[in-house]
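The values are calculated or read from the model by the stated rules, or taken from the named source; none is laboratory data. Remember, predicted model here, so these are calculated numbers, not experimental data. When we count neighbours, we look across all protein chains shown, and the Cβ atoms used for this are built from the backbone with ideal geometry, even at glycine.
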Amino acid sequence: MRFKGKDVLVTGGNSGIGRGIVQYLLKEGARIAFAGRDQEKGRAVEVEAKALEGDARFFPCDLSEERQVEDLIGLIGQWGRLSVVINNAGAGSRRSGIKLGDRPGARWDKMRGANLDSTYFVSSFALPLLRDSGGGAIVNISSTATLHGNWGLYCVAKAAVEALTRSLAIEGAPHGIRANCVSPGWIATETDLTTPASGSAGDWTVPPSVLGRMGTPAEIAAAVAFLASDEASFVTGQTLIADGGLSILDFTSLSLLDQRGSVLFSGMVGDTP
């Protein structure tokens with residue numbers, strides 16, 4: 001139980017990857033505060049936590065609004081002694097609120113607010129709490145969209161989250177605060193949170209990873225837990241890519257996934273030509 005006796009804040013913990021992180025860290029003994037906008041989903045996760053015999057409390061908050069985040073962190077300071085912050089909250093193009101007729105500035109405001117501003121505001125207000133607790137860890141959630149221009153402003157905002165992570169690592173170091181980032185690939189967030197089979201490739205034209213499936217929230221939570229734990233005490237300012245190896249494969253080599261026995265360089269496994 002790596003987080004027994006530790007108080008943890010998870011933003012966006014009421015759904016998807018964030019929900020998976022909450023469940024994973026509860027099993028590791030953490031006491032969790034989690035924040036988000038959807039109160040119905042938040043209360044549902046509280047019920048799940050009780051079923052796991054865990055302690056998790058939902059705090060409603062629009063994390064893109066600085067004043068609301070300041071109030072949230074004030075409440076967290078009264079709630080417990082914060083040791084870990086997981087900045088998971090964010091929104092892709094479909095959930096960012098961007099409309100077809102929005103001007104460039106409005107598009108950027110919405111995408112930046114959901115992804116970058118929320119991470120910046122929470123980290124800024126939480127740093128004094130982490131310092132006062134004797135140090136701790138920040139883990140931000142980015143995306144492998146940072147590697148692909150086809151994701152537009154989303155990839156720009158997430159790239160900024162990775163840059164912010166490095167800045168937080170420098171700022172936090174004198175106070176015993178580490179900051180790292182996890183960059184997920186395609187994750188099956190609307191199915192089972194723990195079983196790799198639930199991340200099946202399904203009807204994808206090409207596989208969503210070189211492992212032939214999507215990842216699960218629990219697999220991302222495991223990476224987050226490592227970076228937040230004392231096991232990663234000498235790791236800071238880094239981004240860990242958890243995408244089933246998809247980002248190492250170039251588009252023109254996708255056909256290799258269908259020929260993996262006979263064409264791989266080592267010749268030591270699989271069928272021989």
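What the table below lists for this structure:
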| quantity | calculated |
| --- | --- |
| Condition check for residue 131: surrounded by fewer than 24 Cβ atoms within 10 Å (Cβ to Cβ), in contact with a His (Cβ under 8 Å, 6 or more places away or on another chain) and at pLDDT 95 or above | yes |
| Test: residue in the range 42-50 that is part of a strand (DSSP E or B), without any contact (Cβ under 8 Å) to a residue 60 or more places away in the chain and either under 17 Å from residue 115 (Cα atoms) or not small (Gly, Ala, Ser) (or both) | no |
| Residue 116 being at pLDDT 95 or above, within 25 Å of residue 161 (Cα to Cα) and surrounded by 16 or more Cβ atoms within 10 Å (Cβ to Cβ) | yes |
| Matching residues in the range 55-88 - criterion: being aliphatic (A, V, I, L, M) and under 21 Å from residue 28 (Cα atoms) | 56, 76, 82, 84, 85, 86 |
| Of all residues making up the range 146-176, the number that are outside any helix (DSSP H, G or I) and at pLDDT 95 or above | 1 |
| Breaking point among (1) more than 17 Å from residue 151 (Cβ to Cβ); (2) assigned to a helix (DSSP H, G or I), for residue 108 | (1) |
| Close pairs (6 angstrom Cβ cut-off, 6 or more residues apart or separate chains): closer than 30 Å to residue 9 by Cβ in the range 92-119, modelled with pLDDT of 85 or more and of a type in the set (S, T, N, Q) anywhere | 113/64; 114/64; 117/64; 118/64; 119/87; 119/140 |
| Residue among 56, 89, 33, 126 that is under 24 Å from residue 222 (Cβ atoms), part of a helix (DSSP H, G or I) and aliphatic (A, V, I, L, M) | 126 |
| Criterion (modelled with pLDDT of 95 or more and on the phi > 0 side of the Ramachandran plot) met by exactly one of 97, 12, 18, 77 | 12 |
| Residue that is nearest to residue 233 (Cα to Cα), among those in the range 51-74 that are among the hydrophobic types (A, V, I, L, M, F, W, C) and loosely packed, with under 15 Cβ neighbours inside 10 Å | 52 |
| Test result for residue 10, aliphatic (A, V, I, L, M) and closer than 22 Å to residue 115 by Cα | yes |
| Some residue of the range 77-86 being surrounded by fewer than 18 Cβ atoms within 10 Å (Cβ to Cβ) and out of contact with any strand residue (DSSP E or B) (no Cβ under 7 Å at 6 or more places or on another chain) | yes |
| Residue identified as assigned to a helix (DSSP H, G or I), at pLDDT below 95 and out of contact with any strand residue (DSSP E or B) (no Cβ under 7 Å at 6 or more places or on another chain) among 264, 254 | 254 |
